[in-house]
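The structure appears below as structure tokens.
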Amino acid sequence: MTALTLAGIGHAYLGRTVLDNVELAVAPGEVVALVGASGCGKSTLVQIAAGIIEPMRGRTVRSYARQGMVFQEPRLMPWATAVDNIAYPLKLVGVPYGERRGRARAAAARVALAADDLGKFPVALSGGMRQRAAIARALVVEPDFVFFDEPFTALDQALKRRMQDLVIEAATMQAFAALFITHDLIEAVRIAHRIAVLDLNGRGVAGERTLPGVPGMRQDRDIFDEVQSFLHDDPLFCHINDVDERREA
Ligand SMILES: Nc1ncnc2c1ncn2[C@@H]1O[C@H](COP(=O)(O)OP(=O)(O)OP(=O)(O)O)[C@@H](O)[C@H]1O
Ligand SMILES: [Mg+2]
């Protein structure tokens, strides 16, 4: 049984192929980290998976009920308070005002956003608080699938770790499946059950590695060793720190 299946996905922008023949399946409750070199098509793939972009080739099967999405930048509406931003997806589906506020407050509590901050506008929140609000907005619909596109790249190390812990905890408590895009192998090994590596040129998934243990239960030392061994001993990971300048031509 799968929550999400991507079969033979291909896509091109202005006639230039960015993804070809990508196959990936995510099981219910499973967190899959998708890593790959900059520019290899990760954001395009996650948007196809979430139904934001229609792929030119292939098929997407979504067997989950509700999805949430967290982007690299928080993408909050500047004219709405934190609580109204978090409640917005509920407004879109017609949940009454009182109920949406209550559910938004509960979602905010899950990402440790203080009640004091909920009345603030995005401009008055710190970067970490904004990203928390963005995660709460994804969780407010009680999703059983969440897409993350490099949500913590802009945060400093300590904050990044706290946010990863929040995601691990929410994924465990709410039992959602996730496709989590990241450049950061430490993050991937902390958060995921499995890592899929997208080919350098988006030509399919180059390979997958199932991670030992359970997210949230792994020791830092083991995470570090696992990443070192991927980078030094596993050919699958040799291109993941490459940059995409040559493809800008
Ligand atoms: N809307 C667009 N129009 C034209 N080309 C695009 C568009 N979006 C992305 N591309 C190109 O498609 C390729 C893949 O982009 P994508 O954003 O999916 O890569 P990525 O793996 O997410 O990169 P990064 O790791 O830097 O976020 C890049 O070469 C990019 O320039
Ligand atoms: Mg991207």
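Once fully extended, how much extra length lies between Met1 and Met217, figured as 0.36 nm per residue of separation less the alpha-carbon to alpha-carbon distance? Walk me through the numbers on the way to the answer.
Values: separation 216, 0.36 × 216 = 77.76 nm, distance 2.52 nm.
Extra length from Met1 to Met217 when fully extended: 75.2 nm.
Rounded, prolate or oblate: which fits region 62-168 when a ≥ b ≥ c are the square roots of the eigenvalues of the alpha-carbon gyration tensor, with rounded for a/c under 1.5 and prolate only if a/b beats b/c? Numbers along the way, then the final one.
Values: a/c = 1.73, a/b = 1.14, b/c = 1.52.
Taking the square roots of the gyration eigenvalues as a ≥ b ≥ c, region 62-168 is oblate.
Taking θ = phi - 60°, what integer Hz values does the Karplus form 6.51 cos²θ - 1.76 cosθ + 1.60 yield along region 187-198, in sequence order, with x for Gly and Pro?
3J(HN,Hα) across region 187-198, in whole Hz: 4, 4, 6, 5, 8, 9, 8, 8, 10, 10, 10, 7.
To check you understand DSSP bridge types, tell me what percent of the beta bridges within the chain (both residues inside) are antiparallel, rounded to 5. Write out the running numbers ahead of the final one.
Working: 17 of 34 bridges.
Close to 50 percent.
Quick one: grab the alpha carbon gyration tensor of region 1-45, order the square roots of its eigenvalues as a ≥ b ≥ c, and give me rounded if a/c is under 1.5, else prolate or oblate depending on whether a/b is larger than b/c. All intermediate terms of the calculation are to be shown ahead of the outcome.
Working: a/c = 3.46, a/b = 1.76, b/c = 1.97.
It comes out oblate by the Cα gyration axes.
Quick one: grab the alpha carbon gyration tensor of the chain, order the square roots of its eigenvalues as a ≥ b ≥ c, and give me rounded if a/c is under 1.5, else prolate or oblate depending on whether a/b is larger than b/c.
On the way: a/c = 1.71, a/b = 1.41, b/c = 1.21.
Note, shape of the chain comes out prolate.
I need Val61, Val227 ordered by Cβ neighbour count within 10 Å, fewest first. The partial results should precede the final answer.
Details: Val61 11, Val227 18.
Exposure proxy ranking, most exposed first: Val61, Val227.
What ranking do Glu142, Glu30 get, fewest neighbouring Cβ atoms within 10 angstrom at the top? Display every interim value, and only then the final one.
Numbers: Glu142 13, Glu30 19.
Least to most surrounded, the residues fall as Glu142, Glu30.
List the residues of region 172-201 whose backbone N lies under 20 Å from a point placed 7 Å from the Cα of Gln228 along the Cα-to-Cβ direction.
184-191
Return the FRET efficiency for the residue pair Ala27, Ser126: r is the Cβ-Cβ distance, R0 is 30 Å, and the value is rounded to the nearest 0.05. Can you show the working numbers first?
Numbers: r = 35 Å, r/R0 = 1.18.
For Ala27 and Ser126, the calculated efficiency is 0.25.
Label-point separation (nm) for Lys91 and Arg16, each offset 7 Å from Cα along Cα-to-Cβ?
3.8
For Arg194, what residues show an amide H to amide H distance below 5 Å, using hydrogens built from the backbone and excluding near sequence neighbours?
It is Val31, Ala33, Leu211, by chain and number.
Enumerate the aspartates and glutamates that Lys160 could reach by cross-link, defined here as Cα to Cα under 12 Å, with residues fewer than 8 away along the same chain left out.
Filter leaves Glu150, Asp184, Glu187.
Bear in mind that the values in this text are calculations on the coordinates, not laboratory data. This one's a predicted model, so the numbers in the text were calculated from it and none came from an experiment. Backbone-built Cβ (ideal geometry, glycine too); neighbour counts: all protein chains shown.
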